[in-house]
Amino acid sequence: MKNLRLKAARAALDMSQQDLADKVGVSRQTINAIEKGDYNPTIKLCLAICRALGKTLDELFWEE
């Protein structure tokens, strides 16, 4: 399942995939794969992404 909430939160901060990747210590391809739903990140990476974007786990990763 695509993670459009992650993509929207990143875009709202005018942050590229590369910017976010650099902030959390992964490759741009990893961020792209998470957004496309091709990669299920670890809880550690989820938390790092949430901190970088100022969001909670529920806001970015909880499936409705």
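The values are calculated or read from the model by the stated rules, or taken from the named source; none is laboratory data. A quick note: this is a predicted structure, and the numbers were derived from the prediction, not measured. When we count neighbours, we look across all protein chains shown, and the Cβ atoms used for this are built from the backbone with ideal geometry, even at glycine. What goes into the accessible areas is simple: the full protein's heavy atoms, side chains included, and nothing from ligands, DNA or RNA. Shrake-Rupley method; radii C 1.70, N 1.55, O 1.52, S 1.80 Å.
Structural remarks
- Carbon plus sulfur fraction of accessible area for the chain, probe 1.4 Å, in percent: 51
- Candidate lysines - alpha carbon under 16 Å from K36, same-chain residues fewer than 8 apart omitted: K2, K7
- Extent along the principal axes, Cα only, for the range 4-61: 23, 20, 19 Å, with the longest axis given first.
- Environment charge of G25, counting only residues whose C-beta is closer than 15 Å and scoring Lys/Arg +1, Asp/Glu -1: +2
- Neighbourhood net charge (15 Å Cβ-Cβ; Lys/Arg +1, Asp/Glu -1) for C50: +4
- Helix content alone sets the calculated 222 nm mean residue ellipticity of the chain: runs of n ≥ 4 DSSP H residues at -39500 (n - 2.57) each, divided across all residues, give -18000 deg cm²/dmol.
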